[in-house]
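This report concerns only the one structure given below.
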Amino acid sequence: MNEQYISLLEHLNTPQEVINCATGKTASPTIIWEAPAETYVFPPALIPIWSDSSPPAYIGIWKHWFSDRGQTIVEYNLEGCRVSEIARNYEQMFCIVILCALMCKEEIDSNIQLFAELTGIKNIERINLLLEEGVDNAKSYVLLEEFSKETPLASISHLDNYSGDFPSPLSSCKYENCSEYEFSLDYDWSNKKLPLWCTKHSRKQLFQTLLEKDDMQGAWLTLNSTGWSISDSKKAIKSLVQKTEDSGFKILAEAWLKSADKMFGGY
C-alpha cells in the first residue's frame, strides 16, 4: 500500500487500529491476508487493507464518491470480478480475519491473541468455539454478537432482513446507486432493470457521456464497473479530478493512480 492510501485513511478519520493493520504495523494473524496489501488490479472504489496472493484477492473498504451511500467492507476476488460485502463495521472485519486465522491454525496462538488485543476484539474464545462446533461459513457469523446488528449481506440468510446498501433482488436500495461489481452472480437479475453500466455499453463512451452531463455519480459508478483497461481508467479518473473540489477524492485519485502504475491489463 502506498503512502497516499494512508493519507486517504487518515482523511476519512479511519480508526488507528485499521490504519495499523493496513500498514502492517499490526501484523495479520494469518498468512492468507497480508499487509501492506500487494498491488494486483482493483477498481478505484476499493481501499485495500489486506491482500491474498492465491488467488489474488483483497479485503478492504468499499467507498463510493459523489454519493450519499456510506462506506462498507468487502472482499474482492479478481477471478470473480465481483465484491462481496463481508462486514459493515471494523469490529466485524477484525473478527473475520481472526476467523480465517483460526481456520488455518485450529487454535488460539500468540499471534491471534496479540491481533485481538490490538484491534479490541475481546471474544476470541467465542469465535473459536463457533469453529469447534463445526460452523465455518459466513451465514453463521450472526451467532457472534458483533454480527447481530448491521449484518453484512454475506451473512444474511433471508434477504428481506438485510438493511444495508448492497443490491439484492429483494433489497430496497436503488440499483442506479450501485456499481456492476456489487451485483452478485449468485442472484438472478434477468427480470430487474439494471443501470446502463451493468449492460454491454462501452464503458469509456458511457463514462464520457455521463461526465459531459455532469453526472458525477454515474460516471464514477461506470468507472467502477468491469470492462476497463488500465490506461483508459487512469485517464477517466483524472477527468473526474478536474471536475471536483473534493479534497478527499483527489487524495483517492492520487493513491489509485500510483497503484495503477503497477497494474497490468485491466479490470
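The values are calculated or read from the model by the stated rules, or taken from the named source; none is laboratory data. All values reported here derive from a predicted model rather than from experimental measurement. All Cβ positions, even for glycine, are placed from backbone atoms using ideal geometry, and neighbour counts span all protein chains on display. These accessible areas exclude ligands, DNA and RNA; they are computed on the full protein's heavy atoms, side chains included. Shrake-Rupley method; radii C 1.70, N 1.55, O 1.52, S 1.80 Å.
So here's what we get for this one:
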| quantity | calculated |
| --- | --- |
| Residues (open to solvent by 70 Å² or more (accessible area, probe 1.4 Å) and modelled with pLDDT under 95) located in region 210-267 | D261, K262, F264 |
| Residues of region 141-153 classified as hydroxyl-bearing (S, T, Y) and in contact with a Leu (Cβ under 7 Å, 6 or more places away or on another chain), total | 0 |
| Of residues in region 126-141 being modelled with pLDDT under 90 and open to solvent by less than 70 Å² (accessible area, probe 1.4 Å), the one nearest to A101 (Cα to Cα) | L131 |
| Which numbered condition D160 misses (of (1) surrounded by fewer than 17 Cβ atoms within 10 Å (Cβ to Cβ); (2) outside any loop (DSSP other than H, G, I, E, B); (3) in contact (Cβ under 8 Å) with a residue 12 or more places away in the chain) | (3) |
| Tabulated pairs, region 137-149, first in contact (Cβ under 8 Å) with a residue 24 or more places away in the chain, second assigned to a helix (DSSP H, G or I) and charged (D, E, K, R), C-beta under 8 angstrom, 6+ apart or interchain | L144/R126; E146/E91 |
| Conditions (1) outside any strand (DSSP E or B); (2) in contact with a strand residue (DSSP E or B) (Cβ under 9 Å, 6 or more places away or on another chain); (3) not polar (S, T, N, Q): number failed by I6 | (2) |
| From L46, L99, L78, residue being open to solvent by less than 50 Å² (accessible area, probe 1.4 Å) and either within 10 Å of the chain's Cα centre (by Cα) or hydroxyl-bearing (S, T, Y) (or both) | L46 |
| Near pairs, Cβ below 6 angstrom, 6+ apart or cross-chain, from region 110-135 (within 17 Å of N89 (Cα to Cα)) to any residue that is open to solvent by 20 Å² or more (accessible area, probe 1.4 Å) | A116/I124; T119/E17 |
| Residue in region 195-211 that is touching a Lys or Arg at 6+ places or on another chain (Cβ under 6 Å) and of a type in the set (D, E, K, R) present | no |
| Residue list for region 160-187, restricted to those being hydrophobic (A, V, I, L, M, F, W, C) and modelled with pLDDT under 90 | L170, C173 |
| Conditions (1) acidic (D, E); (2) crowded, with 17+ Cβ neighbours inside 10 Å; (3) in a loop (DSSP other than H, G, I, E, B): number failed by E146 | (3) |
| Members of region 21-70 found to be under 16 Å from C95 (Cα atoms) and outside any strand (DSSP E or B), listed by number | C21, A22, T26, A27, S28, P29, T30, I31, I32, W33 |
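Residue by residue, here is whether (1) in contact with a Lys or Arg (Cβ under 9 Å, 6 or more places away or on another chain); (2) under 29 Å from T14 (Cβ atoms) holds:
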| residue | (1), (2) |
| --- | --- |
| A219 | yes, yes |
| S231 | no, no |
| K235 | yes, yes |
| S239 | no, yes |
| G265 | no, no |
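Condition check ((1) under 15 Å from I19 (Cβ atoms); (2) surrounded by fewer than 19 Cβ atoms within 10 Å (Cβ to Cβ)) across all residues:
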{"residue": "A35", "(1), (2)": "yes, no"}
{"residue": "S54", "(1), (2)": "no, yes"}
{"residue": "S67", "(1), (2)": "no, yes"}
{"residue": "Q71", "(1), (2)": "yes, yes"}
